[in-house]
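Novice: Let me begin by handing over the structure; questions about it come next.
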Amino acid sequence: MKLTLHAFEANSPTAIDAAFGKMASDHDAQALMILADSYLNNRVKELADLLKNRLPAIYGFREFADAGGLLSYGFEPQLAQPACSFICGQDF
């Protein structure tokens, strides 16, 4: 399988629009992976709506998949604290 990866920054609404436009016009993207990022994590619904019926996408958190994305690869943040408490043997 031959893959070509392209990275795009999307740290503002204008940058998101530019990245999607560039993916479509310059690179003929066939799939998308959105990495966990504080800016993008706060735009779950907006990104899911942008991608609906466009590109299969994988995300860092379940909320993206719940909002309509294809799938997520990350952990559930609400489980982090109990897991840390179990591993460290103390409450956090």
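The numbers here are math on the coordinates, done by the rules we state, and not lab data. Please read all numbers here as calculations on a predicted model, not as lab measurements. Virtual Cβ from ideal backbone geometry, glycine too; neighbours counted across all protein chains shown.
Novice: Using only Cα atoms, locate the centre of the range 53-83 and the centre of the range 13-52, then give the distance between them in Å, rounded to an integer.
Specialist: When both Cα centres are located, 15 Å separates them.
Novice: Using amide H atoms built 1.01 Å from N in the peptide plane, name the residues 5+ places from S72, or on other chains, whose amide H lies under 5 Å from its own.
Specialist: Y59
Novice: Compute, for the range 29-88, the length of the dipole vector about the Cα centre, with Cβ point charges of +1 (Lys, Arg) and -1 (Asp, Glu) only. Units Debye, rounded to 20.
Specialist: So the dipole magnitude of the range 29-88 works out to roughly 140 debye.
Novice: So what is the relative contact order of the chain, in percent, for Cα pairs below 8 Å that sit 6 or more residues apart?
Specialist: For the chain, the relative contact order is 18 percent.
Novice: I would also like to ask the following. Specify which labelled value, from (i) -0.50, -0.61, -0.78, -1.21; (ii) -0.36, -0.56, -0.81, -1.37; (iii) -0.45, -0.63, -0.82, -1.27, agrees with log10 I(q)/I(0) by the Debye sum over Cα atoms at q = 0.12, 0.15, 0.18, 0.24 Å⁻¹ derived from the coordinates of the model shown.
Specialist: Matching the structure shown: (iii).
Novice: Label 7 Å along Cα→Cβ of A7; the range 33-56 residues with amide nitrogen under 15 Å?
Specialist: Output list for this probe position: 33-37.
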